[in-house]
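The structure under discussion appears below in the form of structure tokens.
The values are calculated or read from the model by the stated rules, or taken from the named source; none is laboratory data. Keep in mind the model is a prediction, meaning the values are calculated, not measured. With ideal geometry, Cβ positions are generated from the backbone for all residues, glycine too; neighbour counts draw on all protein chains shown. SASA here: full protein model, heavy atoms, side chains in, ligands and nucleic acids out. Shrake-Rupley method; radii C 1.70, N 1.55, O 1.52, S 1.80 Å.
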Amino acid sequence: MRRISGWHLVLAPLALLFALPLIWLLVSSVMSNAEINRFPPALWPHSIKFDGYRYVLGNALFPRWFLNSFIVSAVAVTANLVLGSLGGYAFARIRFAGSKLVLGLMLATMVIPFQLTMIPTFLVMKQLGLIDTLGALIVPSLVTPLSVFLFRQFFVSLPRELEEAAWIDGCGRLRILVSIVLPLARPALSTVAVLTFLATWNDLTWPLIAINSDSTYTLQLGLTTFQGQHHTQWSAVMAGNVITVLPVLLGFLLAQKAFIRSLASTGLKG
């Protein structure tokens with residue numbers, strides 16, 4: 001049994017503080033609209049009501065929105081794992097003219113606000129004929145500088161001797177990456193998968209710009225339809241957000257050990 005240290009006394013209240021919005025979201029999802037709108041707000045429902053969940057799940061388009069979000073997130077995660085690992089391995093192991101300059105320029109794009117790039121991105125997607133399709137959400141997220149950088153930093157931390165032995169045996173770089181390096185890179189793979197899933201699943205701004213048809217909405221965009229100009233179904237909004245948060249929360253809980261291990265091992269090397 002682990003001993004309780006002074007850090008636990010500090011971190012426990014902080015953890016509770018950060019968990020309060022999630023707890024309030026869960027409690028509000030089983031309240032009625034009258035209880036949610038009451039002032040001062042009720043801290044606990046007089047009776048548990050699932051009207052919000054019935055309203056959300058009874059919406060014919062909700063399963064479609066959930067499927068759209070899953071497709072976009074799954075493709076983005078897969079593409080970032082494949083393309084990010086290829087790019088990260090190239091920057092970590094292959095020395096070519098201007099490699100550090102290219103890496104620096106790529107990382108510099110991370111500090112550019114999305115507000116500056118959304119119009120050019122929209123014009124590119126329009127030229128490709130992808131506006132109002134899931135492709136408009138997928139293509140800009142196929143690979144990100146962050147995923148390439150995380151893979152690169154992890155690969156730099158691996159000893160070269162493992163790859164040199166395979167190189168002597170006649171393996172090519174791609175074979176070395178797939179057979180030797182990636183099996184050792186599970187923490188980096190988990191971290192990139194979690195971060196990419198979070199970014200694409202929770203994205204609202206870009207779908208709001210690129211998507212017009214309600215059948216192509218993602219979950220985040222679909223939930224905004226529950227908020228009207230004169231009336232808002234707050235219980236449905238809360239219930240919809242609980243359903244939306246669950247996949248993200250479960251994904252993080254399943255991958256948290258690998259996530260923390262990757263952050264600990266991916267320093268600012270080389």
Between 0 and 90°, nearest 10: helix 62-93 axis offset from the chain longest Cα axis: 20 degrees
Extreme residue, positive dipole direction of the range 150-197, given options LEU195, LEU174, PHE155 (C-beta unit charges): LEU195
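Relative contact order of the range 156-233, please, whole-number percent, based on alpha carbon pairs below 8 angstrom and at least 6 residues apart. Each step should come with its number before you reach the end.
Details: 21 pairs, mean separation 12.3, N = 78.
The normalised contact order for the range 156-233 reaches 16 percent.
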Most mobile of LEU17, LEU123, LEU174 in a GNM of the chain (Cα contacts under 10 Å): LEU17
Chain lengthening between ARG54 and LEU249 when straightened (0.36 nm per residue, less Cα-Cα): 68.0 nm
Given charges at Cβ of Lys, Arg, Asp, Glu: the chain dipole, positive-most of VAL111, THR218, ILE131: VAL111
Formal net charge of residues neighbouring ALA239 (Cβ-Cβ distance under 12 Å; K, R +1; D, E -1): +1
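With contacts defined as alpha carbon pairs under 8 Å and 6 or more residues apart, what's the relative contact order of the chain in percent?
On the way: 277 pairs, mean separation 85.7, N = 270.
Relative contact order for the chain comes out at 32 percent.
Show that you can apply the helix-only estimate: for the chain, add -39,500 (n - 2.57) for every DSSP H stretch of four or more residues, divide by all residues, and state [θ] at 222 nm to the nearest 500.
Values: 14 runs with 180 residues, N = 270.
About -21000 deg cm²/dmol.
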Where the chain is the region considered: accessible area per residue in Å², 1.4 Å probe: 60 Å²
Dipole of the chain, positive direction: furthest Cα of ALA76, ALA15, LEU26, with charges on the beta-carbon: ALA15
Helix 114-127 axis, angle to the chain major axis (alpha carbon atoms, nearest 10°): 80 degrees
Gain on full stretching of the segment that runs from THR225 to VAL178 - 0.36 nm per residue minus C-alpha separation: 12.5 nm
Solvent-accessible area, 1.4 Å probe, carbon plus sulfur percent, for the chain: 70 percent
The range 1-111, dipole about Cα centre (Lys/Arg Cβ +1, Asp/Glu Cβ -1), debye to the nearest 20: 420 debye
Folded to 0 to 90 degrees: helix 6-28 orientation relative to the chain principal axis, Cα: 50 degrees
